[in-house]
Amino acid sequence: MTNNVKEIFTGTSAPPAPAALAAKVRTLAPSMTRSMQLVAEAVAGDPAGCAALTVTGLAELTGTSEATVVRTARILGYPGYRDLRLALAGLAAQQQSGRAPAVTADIAVDDPIADVVTKLAYDEQQTLADTAAALDTVQLGAAVSALSTARRIDIYGVGASSLVGQDLAQKLLRIGLIAHAHSDPHLAVTNAVQLRSGDVAIAITHSGATGDVIEPLHTAFEHGATTIAITGRPDGRVSQYADHILTTSTARESELRPAAMSSRTSQLLVVDCLFIGVMQRTYDRAAPALSASYEALAHRHAPRTSSR
């Protein structure tokens, strides 16, 4: 387990802001024990009510123990229960500030298309907000620094994550960086073998457990490349080989909305943050490269004149 993941579970990193609490619960709950999930679900579902409870009161409410409550607070990123209560109070105040009610119903098979649009839009907005609130900007800054000076960048992803990888590779190529996205696991590993110190490898996996993505990242890690994981499970196996972890959030999975849909939305936000950060760091050389790529493609987007 890397130091980044240790910080998540020991509370040595800065406690998340109140707005990030719900996102933390959604991201980390699947890896918790059932008793911890009960505590996490309680504080996310009723922050005002739980903020008024002592550690003993919350333990009694959830049918768990005081030790479980404290451990849950620490997993969520707070040094102790007192810090969690303060965050709950802040979250409750935000929720009472006049926001519009949340759209909570899942998409149904017989929903009118207008309702589908409304529900999808709400879910995607929430996913983006949760990801932004929980994203570790220190880790993001370190990843941007590594990418800005990289000799070569390899990106690994399969399925929907491979599309995100291709998007990032295309962006980086257009500002003059050598970046390649690999969805074929064999090709990914054979390329990872060629990496060394000064190179960067990025793994994109919502589950944090995709073997076809973890294997090339492990190979790159062993060969000295700086490694980055974009994942919805910061405690997943991929973190063992990641120097920097960028956590994404997802909407609740349902029959008509698989996790791949919402995870792609949050992954694209992180990819855009990486790209803009690199663009800022390398502006003097990136801006001319981007302008050159626009000019090279301009004639393909110009209106065609009639040949008559």
| Inter-label distance for S197 and V117, nm, one decimal - labels placed 7 Å from Cα along Cα-to-Cβ | 5.6 nm
| said: Taking the solvent-accessible surface of protein heavy atoms with a 1.4 Å probe, what is the per residue accessible area of the stretch 169-216 in Å²? | reply: 43 Å²
| field | Distance (nanometres) between label positions extended 7 Å along Cα→Cβ at T149 and L61 | value | 4.8 nm
| message | Can you compute the charge dipole magnitude of the stretch 31-96 about its Cα centre, using +1 on each Lys and Arg Cβ and -1 on each Asp and Glu Cβ, nothing else charged? Give it in debye, rounded to the nearest 20. | response | 160 debye
| Shape of the stretch 19-162 from its Cα gyration tensor (a ≥ b ≥ c, root eigenvalues): rounded if a/c is under 1.5, otherwise prolate when a/b > b/c, or oblate? | oblate
| query | At what distance in angstrom do the alpha carbon centres of the stretch 136-174 and the stretch 187-234 lie from each other? | reply | 11 Å
| task | Starting from one equal scatterer on each C-alpha and no solvent at all, send me the Debye-based log10 I(q)/I(0) for the stretch 97-215 at q = 0.15, 0.16, 0.20 Å⁻¹, two decimals. | result | -0.83, -0.89, -1.12
| task | Would you kindly calculate the mean projected area, averaged across all directions, of the convex hull enclosing the Cα atoms of the stretch 155-243, in square nanometres? | result | 4.9 nm²
| query | About the Cα centre of the stretch 111-224, what is the dipole size in debye to 20, counting +1 per Lys and Arg Cβ and -1 per Asp and Glu Cβ, all else neutral? | reply | 580 debye
| said: Ranking request for peptides 60-67, 86-93, 111-118: highest mean number of other beta-carbon atoms within 10 Å first, then the rest in descending order. | reply: 86-93, 60-67, 111-118
| request: In nm, give the distance between the simple-model label positions of L163 and Q125, each being 7 Å from the Cα along the Cα-to-Cβ direction. | output: 2.3 nm
| remark: With a Förster distance of 35 angstrom and the Cβ-Cβ distance between Q280 and A48, calculated FRET efficiency to the nearest 0.05 equals 0.30
| message | For the stretch 147-306, I need the span (max minus min coordinate) of the C-alpha atoms along each principal axis, in Å, sorted largest to smallest. | response | 54, 43, 29
| said: Could you give the length gained by full extension between A302 and E41, i.e. 0.36 nm per residue of separation minus their alpha carbon distance, to one decimal place? | reply: 88.6 nm
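The values are calculated or read from the model by the stated rules, or taken from the named source; none is laboratory data. Because the structure is a prediction, the values reported are computed rather than measured. Please note: Cβ atoms are built from the backbone with ideal geometry, for glycine as well, and neighbour counts cover all protein chains shown. Note: accessible area is taken over every heavy atom of the protein model, side chains too, but ligands, DNA and RNA are not part of it. Shrake-Rupley method; radii C 1.70, N 1.55, O 1.52, S 1.80 Å.
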